[in-house]
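Just below is one structure, and these are the notes that go with it.
The values are calculated or read from the model by the stated rules, or taken from the named source; none is laboratory data. The model shown is predicted, which means the values in this text are computed figures rather than measured ones. Here the Cβ positions follow ideal geometry from the backbone for every residue, glycine too, while neighbour counts run over all protein chains shown. Surface accessibility is based on the protein's heavy atoms, side chains included, excluding ligands, DNA and RNA. Shrake-Rupley method; radii C 1.70, N 1.55, O 1.52, S 1.80 Å.
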Amino acid sequence: MKKIVQVVIFLLSTHFIFAQSLQSPEQFLGYTIGSRFTPHHKVVDYFEHLAKTVGNRLKLISYGESYEHRPLFIVVLSAPENMSKLEEIRTNNLKMTGLMEGTATTNTVPITWLSYAIHGNEAVSPESAMLTAHELLTSAKSASWLQNSVVIIDPCLNPDGHNRYVNWYAQVAGESPNISPYAREHYEPSPSGRYNHYSFDMNRDWAWQSQKESQARVAIYQQWMPQVHADFHEMGVNSPYYFAPAAEPYHSEVTKWQREFQTTIGKNHAKYFDQNNWLYFTKETFDLLYPSYGDTWPTFHGAIGMTYEQGGSHRAGLGILLENGDTLTLTDRIAHHHVAGLSTVEATALNKDKVIQEFKKYFETNNTNPSGAYKTFVISADNEMDKVNELLSYLDRQQIKYGYAKTATPKVMAYNYFTNKEESITLQKNDIVINTYQPKSVLVKVLFNPKTVLADSATYDATAWAIPYSYGLKSYALTQKIEIQTFKGVPSQTIRPNAEKPYAYIAEWKSFKDLQFLVKLLNKGIKVRFAEKAFSLNNKKYGSGTIAITRTDNEFVKDLDNIVAYLATELNQPLDYANTGFANDGADLGSNNMHFLKKPHVGLLTGDGVQTTAFGELWHYFDQQLGYPTTVVNAGSLGGLRMNDFDVMILPDGYYGSSAISQLRAWVQQGGKLIVMEGANSQFADNETFDLKKSMPEEKSKDDKAKKNWDDYLRKYGNRERNALSEFIAGSIFKVTIDNTHPLGYGYESEYYSLRQLTDSFEYLKSGWNVGVLKENAYIDGFTGYKVKQKLKNSLAFGVSEIGRGTVVHLIDNPIFRSSWANGKLMMGNAVFFVGQ
């Protein structure tokens, strides 16, 4: 007893000493937290102050920078004795998962990770993060929690978006906040601070990791593998606070323990919220299905992953009048997040042993006895190697293990993703094999299972994402475990030796990397031709889209051969050469069927009416993935544009108005190429100038019209949301039949798998080219209401119309959705570079 008293006295005296030198956020910043928004650089300064002041209890770790070069960092907090063995605690977690070899020591503690402000304009988060860190370091009550846990705080996952919002608010707010919901300070302009530099919603990017910030965050997360992860958000101003447990649908891979401990944490929150008479709700709206959120991705890594939502977001400012007559202040919002964060730490620490035990059990199951029907996923060796390499790079980032099949095995029963049937296959020795007996077992199943199991269809995001479809790879799912051998990499695609100044260089057109090679050539001023039809040269067959770099076209390019060789080597690009333009079969290199490719000047619309993330996907695609220059134009400036300066104009999903449509129509008729994305196509439908028409419902017969079923009118009010699901689609996969003789379809097989988001259906083009269509049985996976399924039968997915001297490309489905649909990236390039040339 005497020893315990001495420990308590030591802890309290230590806290007192810390408190004398450690400044609160208010003391350090010089203003009361909640009286203004804190810019990111001052948030950084405060956490650096903490690290310098109490280095034996808090460590600041940098893990990268944003696109706008702001620092990304976490802070790790715990009791001094835990901090002294922090590396042991971290590696213990990795050893328990199996991601690191070795046996974990028994004396370890759980890790609780608190993530703030992935949506930058949910600006309460960094304020709460500072208060929470300070209290954990100074409160006697929290000292016992830190004895039994490590806490990691990421105070601002999206510093670019956060600063965008904070700077804007400072510019429009007066001396005192205006609480009127009509005041301009409650109407943030586009692009809002919700998104990062490239207008990506990074809370949809945890699994796909297309963004620089996401890649850096996931990398450091996997160095710690916490047991609990809370993701702090905001929502509409009039909403009460939301915390776990989550709503249905839960993904089928969420375990019983993960559900139970969400409830344990939720009840702990409720205790404090009840004491303060704060309103809250649970088990509604925010589900655990789509794998790319800040609650689901950690959940599929063994953590208790949770979303917390505070009413406010970009609308609330420093204060706003609510519908009930109350005023919601920034101080209120900070307090709610602050309490939820502390309660999360407390609940984890109080259940330390059980949390560790269940975490260890989770990964033991993953490694030795994984659940689920399918135990192995096979990527066929018959796939295009560039596509396979792109997938393997993705798996490496996720730390998913894979290898080759140890032996060739005939007559293995497997589910064929492309035929949607169980069938007998021959397993080849160089097939890529991913089995579920590994630490990332659950993530593998979530990403690769052919069908998403939905406990409830009422969800607010995509419900299908299987990797074989999104990457366009021939793949199989097997119920048996296939042993693997060490993977030594896909065979190098060596460049064939250069002939002495060959007549032409030839590069095939099959993957996104081929498109990247084309762009590098164009950016270097090298002239290129592409094949309209398949041909043979030097007894090798080449498909439509194959590019040819002829010496004649580039006679004034200095050092042509070295430039081409360098670019090909940089991309590991297979490159053939020809000493003649005479084809063995098909068109010669000088034929009119080998089209000269004019380097296009591309315009990309943004601004009012344009869906922000739809624009962001395209901007990032050109700027970061392709490295091809585009001119970003505000849609409202079209009237003052000299349109003839542009060859291609891209309209992301959005609304553009009749005057803009008229101007674009005139430009197309004079030879322009317009690429219309997703819902923007509706504005071009049923217009006498354009070929696009919306599908009309089948006309009922006179007899059917005369029949009345009075029960149809007896709908239950309480079922209204569920009844509406018959006309709803939640990101579903459909099989698209492709005309790969058209330039838009170059490089593809006759079938392509697309993510459909629109419920609108469009008829086949009467005089245009129906390059991609949904036929009778096109549905593959995901929630699609029965009325939508019926409506989408025999409808257009991708089409091209020729109007006057110009072209309109209709991309009803988005081929680059969230940069997660790898197989669509080549089609976007086809639309820009080949169609209409």
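So the values come out like this:
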quantity	calculated
Volume per residue of the C-alpha convex hull in segment 765-806, rounded to whole Å³	84
Local electrostatic count, GLU65, Cβ distance below 13 Å [Lys/Arg +1, Asp/Glu -1]	0
Anisotropy class of segment 572-616 from Cα gyration tensor, a/c 1.5 cut	prolate
Table column - 3J(HN,Hα) (Hz), segment 96-104, Karplus curve with 6.51, -1.76, 1.60, x for Gly and Pro	5, 6, x, 6, 10, 6, x, 10, 5
Reciprocal mean inverse distance between Cα atoms of segment 115-170 - Kirkwood radius, Å	12.2
Using a Förster distance of 30 Å, the FRET efficiency for ALA685-THR631 (Cβ separation, nearest 0.05)	0.65
Formal net charge of residues neighbouring ASN158 (Cβ-Cβ distance under 11 Å; K, R +1; D, E -1)	-3
Spin-label pair VAL172/ASP608, simplified geometry with 7 Å Cα→Cβ offset, distance in nm	1.3
Cubic angstrom per residue, convex hull over Cα atoms of the chain	201
SER139/TYR655 FRET efficiency (R0 35 Å; Cβ-Cβ; nearest 0.05)	0.10
Computed [θ] at 222 nm, helices only, for the chain once each DSSP H run of length n ≥ 4 contributes -39500 (n - 2.57)	-9500 deg cm²/dmol
Volume per residue of the C-alpha convex hull in segment 45-202, rounded to whole Å³	147
The chain: antiparallel DSSP beta bridges as a percent of all, rounded to 5	65
Distance (nanometres) between label positions extended 7 Å along Cα→Cβ at LEU350 and LEU641	5.9
The chain, relative contact order [Cα under 8 Å, separation at least 6], %	10
Angle in degrees between helix 512-523 and the longest Cα principal axis of the chain, rounded to the nearest 10	70
Under 16 Å from LYS481, Cα to Cα: lysines that are on another chain or at least 8 residues apart	LYS375, LYS401, LYS406, LYS411, LYS429, LYS440, LYS445
Cβ-defined net charge surrounding ASN167, 14 Å radius [Lys, Arg +1; Asp, Glu -1]	0
Cα pair distances in segment 190-273, grouped into 10 Å bins until the bin that holds the longest one, percent each	13, 34, 38, 15, 0
Two-decimal log10 I(q)/I(0) for segment 622-687, as the Debye equation yields it once each C-alpha is a single scatterer, q = 0.29 Å⁻¹	-1.54
Computed lengthening from THR569 to ASP461, 0.36 nm per intervening residue step minus Cα-Cα distance	34.8 nm
Other-chain or far-sequence residues with amide H under 5 Å of TYR753's (modelled H)	VAL736
Added length on full extension, which subtracts the Cα-Cα distance from 0.36 nm per residue, GLN480 to SER662	59.6 nm
Inter-centroid distance (Cα atoms) of segment 543-580 relative to segment 93-154, Å	53
Alpha carbon Rg of segment 345-474, scaled by the compact-globule rule 2.2 N^0.38 Å	1.23
Potential extension, ALA183-LYS411 segment - 0.36 nm per residue separation minus Cα distance	75.1 nm
Nearest-ten-degree value, helix 560-570 long axis tilted from longest Cα axis of the chain	40
Principal-axis tilt of helix 330-350 within the chain, Cα atoms, nearest 10 degrees	80
Label-point gap, in nm, between THR263 and HIS595 - each point 7 angstrom along Cα→Cβ	6.1
Accessible heavy-atom area order of ARG642, ARG36, ARG818, highest first, probe of 1.4 Å	ARG642, ARG36, ARG818
The chain - percent of accessible surface contributed by carbon and sulfur, probe 1.4 Å	49
Span from the segment 788-837 Cα centroid across to the segment 275-291 one, whole angstrom	39
Coil-residue GluC sites (Glu not before Pro) of segment 494-569, DSSP, other Cβ within 10 Å capped at 10	GLU500, GLU555
Rounded to 5, the percent of DSSP beta bridges in segment 222-358 classed as antiparallel	25
Surface per residue (accessible, 1.4 Å probe) for the chain, Å²	41
Modelled label reach - PHE281, point 7 Å along Cα→Cβ, segment 223-246 residues with backbone N closer than 13 Å	235-243
Cβ-derived FRET efficiency at R0 25 Å, GLN624 paired with PHE487, nearest 0.05	0.35
